[in-house]
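A short write-up of the structure that comes next.
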Amino acid sequence: MRIVRHIMGLPISLEFRGDARQAEPAFSWLTEADRRFSPFHPDSEVSRFEPDGKHSADLRDILALCATYERLTGGAFRATLPGRAFDPSGVVKGWAAQRAADLLRANGVRKFCLNAGGDVVAAGRSWSVGIRHPDLPHELCAVLAVRKLAVATSGSYERGEHVVDGRTGQPTRDLVSLTVVARNLTVADATSTAAFAMGTPGIAWAAARPGCLVHAVDAHRRVYRSPGLDRLLVPSGTMAS
Amino acid sequence: MRKFLVVALLAVAALVPLAWYRPAPSVLPAAALPAPALPSSPGTSAPPTPGQSATVVNGSTVDTEFGPYAVAVTFQGSTIVDVRLVTEPDDRHSQRIAASAAPTLRQAALQAQNARIDSVSGATTTSEAYAQSLQAALDARGH
């Protein structure tokens, strides 16, 4: 069955085998994650964040995740940009959706495909996941057959959407789309966000991260991808699934 | 753990020629290179010779299924006195790995593709964008 909800201002689509009750804990968690970690709620832990304040275990998780990717990217990824409030949104979506996927498994759902605002966790069987074409919203630029993998994409094609390079304070302009495939969505989302902030060098950086495969489109509309992605690619013209 | 040890030993073995050809000048006088047998494993190092300063040589990075690893080997004179596994690459280290990975990336021209799919990955961050997206069409089909 398929369930679509709008949580965190994001469309969450779940296709799975099972009944709706099994999916409830996952959706409840996403609702809770929105309430606690959205920068748009004035009462959230993120909005009330103070570096030396008291932090919940989950917020400490998020802070550690941000610190790791800040270090790994030499500051290209930053949860606190100069002159702006703390905003870990770049990693929270994947982190929260990965936990939702864990909750689905814990509730006996084995075959599922969870899509949280374009970040996907596929489990239990082979699922075909398209990567949106950066210029043509209803077309794909690649199709991947994935099983037990997560796929996260960062892009600059959505209106008002941009990723800022923390080293320069300027939006990244040399990439239009960067997708990371990894075992887990926390890693896939954080890596794609961080690599996008790095610009062109972020493509090779993401490809060199342990367990990560990359598919990127630069501003000149060149595609760069990890050789390891070849075995997941569904050739054009093939009817997947 | 055994895998790490194998990686470490291989990396140490790879470093042996380095010890001869790129020594720190203050440690090994170029004129009179002694040729002592190097210990076969890091655990059996001979006691350090007093009066010689230690030199740390960083090994090249080896990609394992657990991620990139490198060893840092400390020499005292020509004797290995310590081998450390460097597991978490620092930023400069990451950048260097990235630079070495760049030529291995496949390149192609961007193409549009239309296929039957289960889900779409993309920067669909707002419900407004979603309403007009391929994923919304897929979700509608699924109901």
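The values are calculated or read from the model by the stated rules, or taken from the named source; none is laboratory data. Quantities reported herein were computed from a predicted structural model and do not represent experimental measurements. Here Cβ is always computed from backbone atoms with ideal geometry, including for glycine, and neighbour counts include all displayed protein chains. Ligands, DNA and RNA are stripped out before the accessible areas are found, and what is left, the full protein with its side chains, is counted by its heavy atoms. Shrake-Rupley method; radii C 1.70, N 1.55, O 1.52, S 1.80 Å.
What the table below lists for this structure:
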| read-out | value |
| --- | --- |
| log10 of Debye I(q)/I(0), alpha-carbon scatterers only, for region A:159-241 at 0.11, 0.13, 0.24 Å⁻¹ | -0.31, -0.42, -1.16 |
| Accessible area (Å², 1.4 Å probe, nearest 10) - residue B:130 | 20 Å² |
| Anisotropy class of chain A from Cα gyration tensor, a/c 1.5 cut | oblate |
| Solvent-accessible area buried by pairing A with B, both sides, nearest 100 square angstrom, 1.4 angstrom probe | 4800 Å² |
| Which of A:56, B:121 is most accessible, then next, and so on - probe 1.4 Å | A:56, B:121 |
| Most mobile of A:93, A:54, A:148 in a GNM of chain A (Cα contacts under 10 Å) | A:54 |
| Counted charge near residue A:146, where neighbours are those whose Cβ lies closer than 12 Å (Asp, Glu -1; Lys, Arg +1) | +4 |
| Sulfur and carbon atoms: percent of accessible area, region A:2-234 [1.4 Å] | 50 percent |
| Exposure ranking of B:118, A:87 by accessible area [1.4 Å probe, largest first] | A:87, B:118 |
| Mean separation of Cα contacts under 8 Å, 6 or more apart, over the residue count of chain A: relative contact order % | 17 percent |
| With all protein chains modelled, accessible area of residue A:158 [1.4 Å, Å²] | 20 Å² |
| Charge tally in the Cβ shell below 11 Å around residue A:166, where Lys, Arg are +1 and Asp, Glu are -1, residue A:166 excluded | +1 |
| Separation of the residue B:72 and residue A:71 label points, Cα + 7 Å toward Cβ, nm | 1.3 nm |
| ³J(HN,Hα), Karplus 6.51/-1.76/1.60, whole Hz, each residue of region A:164-172, x for Gly, Pro | 9, 6, x, 7, 10, x, 9, x, 6 |
